[in-house]
1. Which pairs turn up if I take residues in region 36-50 that are touching a residue at least 40 places away in the same chain (Cβ under 8 Å) and surrounded by 10 or more Cβ atoms within 10 Å (Cβ to Cβ) and look for partners that are of a type outside the set (Phe, Trp, Tyr) and not in a loop (DSSP other than H, G, I, E, B) with beta carbon separation below 8 Å, at least 6 apart in sequence or on another chain?
2. Quick test for you: out of Val11, Val32, pick the one residue that is assigned to a strand (DSSP E or B) and either modelled with pLDDT of 90 or more or open to solvent by 20 Å² or more (accessible area, probe 1.4 Å) (or both).
3. Answer yes if at least one residue in region 66-88 is over 16 Å from the mean Cα position of the chain (by Cα) and of a type in the set (Gly, Ala, Ser), and no otherwise.
4. Take the conditions open to solvent by 90 Å² or more (accessible area, probe 1.4 Å) and of a type outside the set (A, V, I, L, M) and apply them to Asp65. Does it pass?
5. Within the set of pairs 6+ apart or on separate chains, which have a first residue in region 63-91 that is aromatic (Phe, Trp, Tyr), a second that is open to solvent by 60 Å² or more (accessible area, probe 1.4 Å), and C-beta atoms under 9 Å apart?
6. Are any residues in region 128-156 open to solvent by 80 Å² or more (accessible area, probe 1.4 Å) and part of a loop (DSSP other than H, G, I, E, B), and if so, which ones?
Amino acid sequence: MSTETAQPSLVLHHLNDSRSQRILWLLEELQVPYQLKKYQRLPSQLAPPELKAIHPLGRSPVITDGDVTLAESGAIVEYIITKYGKSKAQPPQPFARAVCNNIIAYVIDNRLKGNFAMIEQHMQKVSGGWFAGGDEPTSADYMMLFGMEAATSRLDNVPDIMKKYVERVHAMYV
C-alpha cells in the first residue's frame, strides 16, 4: 500500500536488515496508506546519520505520523493497530489477547519498573538535584532528560523524583 503519488501522513523509516519488516507486513495487511523511506546501514552496521536525525536512537523501525514519532516495533505495532486497525490484527480469543497483553506487561512493565527504581535510588543518593550530582547539569543530565521526559509524558507509574527533575529542567527555559 506504499504510495509514491499521494503523501500519506504515516512514514515508515526502514533500515535494511532490521525489524521494520514486521511493520511493513502489518501496514500491508491493514491496508494503511504509508510512505516508505529507505536507509542503508553504514559499513560499521550502524544506522546512517539521516535516520538518527529522525529519532536519536538511530534504530529501525521508526515511524512518523503527523506529530508522532515512535521507535521500537512493539510500540509501533500497538499504535498502528489502535489507530488504523479497525478491530483487525487483535487476537480473536480473549485468552490469546490476555496472553499477548501479559507478555507485554511482563517484559516491558517489569523492565520499566526496574529502570525507574534504579533511577529513583540513584537520584535520592546524589546531592544538588542533577543526575550526576553537583550544582550544574552535566553530560549525564543531557543524556537522561529525553528518556525521563518520554516516561513522564506517557506513563502513570513514574516516580515523583523523576517528574520533579523534568519539571526543574523545563523551568530553566521558561
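The values are calculated or read from the model by the stated rules, or taken from the named source; none is laboratory data. Remember, predicted model here, so these are calculated numbers, not experimental data. Here the Cβ is made from the backbone with ideal geometry for all residues, glycine too, and neighbour counts use every protein chain on show. Side chains are part of the model used for accessible areas, which takes the heavy atoms of the whole protein and leaves out ligands, DNA and RNA. Shrake-Rupley method; radii C 1.70, N 1.55, O 1.52, S 1.80 Å.
1. Sorted first by the residue in region 36-50, then by its partner, the list stays empty.
2. Result: Val11 is the single residue among Val11, Val32 that is assigned to a strand (DSSP E or B) and either modelled with pLDDT of 90 or more or open to solvent by 20 Å² or more (accessible area, probe 1.4 Å) (or both).
3. There is at least one residue in region 66-88 that is over 16 Å from the mean Cα position of the chain (by Cα) and of a type in the set (Gly, Ala, Ser).
4. no
5. Pairs that qualify, where the first residue is aromatic (Phe, Trp, Tyr) and the partner is open to solvent by 60 Å² or more (accessible area, probe 1.4 Å), are Tyr84/Gln31.
6. Asp135, Glu136, Asp156
Every residue, every condition in (1) at pLDDT 70 or above; (2) among the β-branched types (Val, Ile, Thr), yes or no:
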position	(1), (2)
Lys83	yes, no
Pro91	no, no
Val99	no, yes
Ile103	no, yes
Tyr106	no, no
Gly114	yes, no
Met118	yes, no
His122	yes, no
Val126	yes, yes
